[in-house]
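Every number here is computed from the coordinates shown, using simple stated rules; none is lab data. Keep in mind it's a predicted model, so treat the numbers as computed, not measured. A quick note on method: Cβ atoms are made from the backbone with ideal geometry, for glycine too, and the neighbour counts reach across all protein chains shown.
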Amino acid sequence: MAEMITMKEIEALKAKDKAYPTKVGGRPGLWVETHPTGTKSWSVICRIADGEGGDKLARFNLGTIKQTKLSKAGKDAATIMAATLEERAVMKAEETFSRRGKRTSPNEDAAPDGVLTFGLLADKYLKRHASRNKKASSAHHDKLAIEREFKDWSARPADAITREDVEEKLERKFEEAEVAAERLRVLIRMIFGFGVEKRLIAESPAHEIKALVKASKIERKVTIPKPVIGSYVRIASALPAPFGPFLLLLAHLLQRRNEIAGMRWQDIDLDGDEPTWTIPADMTKASREQVVPLVPAVVEIIRSIDRVPGNPLVFPAESKKRDKPISGFSKLKRRIDGLIEDDLPEGVSLNDWRFHDWRRSGASYLASQRVPTPVLAALLNHSQKQLQGITAIYNLHQYVAERREALEMWSSHLEALRDGRDEGKVVKLREHA
């Protein structure tokens with residue numbers, strides 16, 4: 001096997017169908033691996049003690065040739081080779097290079113057969129990146145997406161997944177939903193990017209795949225038409241618990257779907273003249289506690305729900321997992337769409353609405369009724385700083401009374417549309433001290 005001595009010779013190595021190693025001359029133990037995509041990475045291949053009186057072949061990944069210079073890779077290789085003289089020194093070498101390179105065979109990140117599968121890589125991403133650097137809700141969404149989208153990749157070696165594999169998966173998703181495909185692309189890039197950063201894999205097959213849709217398209221501007229709102233409220237009012245009341249609260253409260261699904265009895269205060277629902281910070285997307293005023297129509301809905309003895313959830317799952325909130329929202333959406341289509345007047349078609357569009361629809365209606373922007377931001381639990389800049393640092397008012405009045409206005413509008421009445425007049429909010 002030919003030996004490479006200079007970086008010029010190493011950079012000139014041609015990619016083949018499969019990755020192949022080339023010995024680096026004058027650098028004991030140092031090899032350069034050329035991958036099918038043309039990426040080249042440094043490796044140290046040597047024999048180490050196996051703990052049973054014998055030895056075994058091991059490989060240490062020192063990063064790509066762009067990340068680590070030849071001189072540095074040579075020094076690292078020499079240190080590792082010296083460390084293999086005794087088992088304790090090997091363990092020290094692994095500790096020394098844990099921040100710069102991972103031993104790939106045997107590998108603590110690999111399956112028992114020594115292969116780092118995509119499933120294991122995704123699990124490492126969730127535990128060591130998403131759970132530490134993302135909001136709990138975002139990390140949970142990543143977990144659900146991985147379980148849903150990557151069943152066919154789970155057992156495959158992570159470094160065997162090619163750009164063509166990624167493009168094929170994204171194309172299939174793009175045919176279903178363009179924006180969802182773009183979010184999937186971002187997730188794939190994050191998982192493989194994490195692997196490269198932690199030196200678990202040499203390169204990312206998704207690195208050069210560009211955005212599938214423009215950012216402006218991701219920002220939905222869909223509101224729910226009045227006829228659809230009226231049909232929705234009529235139908236939800238007739239559906240039994242848990243989904244009927246859940247759908248109604250989703251429309252009335254303008255909070256996020258998962259926040260309402262996870263509603264707990266202990267967070268609801270129906271006593272007094274100003275009942276509220278307090279969403280703990282760890283259950284909100286914004287990681288801020290949200291006090292939601294409960295207007296009479298909402299109080300009536302909540303009081304109609306039969307409480308499951310010993311269960312803290314207002315909407316527990318109907319399956320054996322009663323400690324979990326209801327789910328199956330895609331199926332519920334298809335069911336409600338079918339009922340709405342049957343209920344709509346002739347000549348009125350159903351638009352591409354989603355559960356999350358209730359927040360935009362409610363906020364748009366209330367804005368048309370001249371509800372101030374800070375009140376809307378507080379109602380939706382959006383950051384005041386994004387809307388008011390430095391003023392928000394000094395304005396700590398929570399607008400609870402104003403939000404209660406706005407939600408009363410919105411609930412009245414929902415009831416009017418439910419009954420076939422279209423109230424188009426502007427109602428001015430009362431002034432609060």
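Counting other Cβ atoms within 10 Å as a rough exposure proxy, the listed residues ASP123, ASP273, ASP306 run ASP273, ASP306, ASP123 from fewest neighbours to most.
For the stretch 216-289, the list of GluC sites (Glu not before Pro) that fall in a loop by DSSP and count at most 11 other C-beta atoms within 10 angstrom reads GLU219. Protection proxy ranking of 171-181, 187-197, 342-352, by the mean of other Cβ atoms within 10 Å over each peptide's residues and highest first, is 187-197, 171-181, 342-352. Relative to one another, the C-alpha centroids of the stretch 57-83 and the stretch 143-161 are positioned 30 Å apart. Potential lengthening of the chain between ARG334 and ALA281 amounts to 16.0 nm, from the contour at 0.36 nm per residue minus the alpha-carbon distance.
If R0 equals 56 Å, the separation of the Cβ atoms of SER412 and LYS66 corresponds to a calculated FRET efficiency of about 0.35.
Legend: calculated FRET efficiency, ASP306 to VAL348, from the Cβ-Cβ distance at R0 = 45 Å, rounded to 0.05, equals 0.80. Summary of packing: across the peptides 247-254, 74-81, the per-residue average of other C-beta atoms within 10 Å ranks them, highest first, as 247-254, 74-81.
Residue ranges 12-18, 206-212 sort as 206-212, 12-18 when ordered by packing (mean number of other C-beta atoms within 10 Å per residue, highest first).
Distance between the 7 Å Cα→Cβ label points at ARG288 and ASP17: 5.9 nm.
Taken about its Cα centre, the stretch 118-218 carries a charge dipole of about 640 debye when Lys and Arg each add +1 at the Cβ and Asp and Glu each add -1 at the Cβ.
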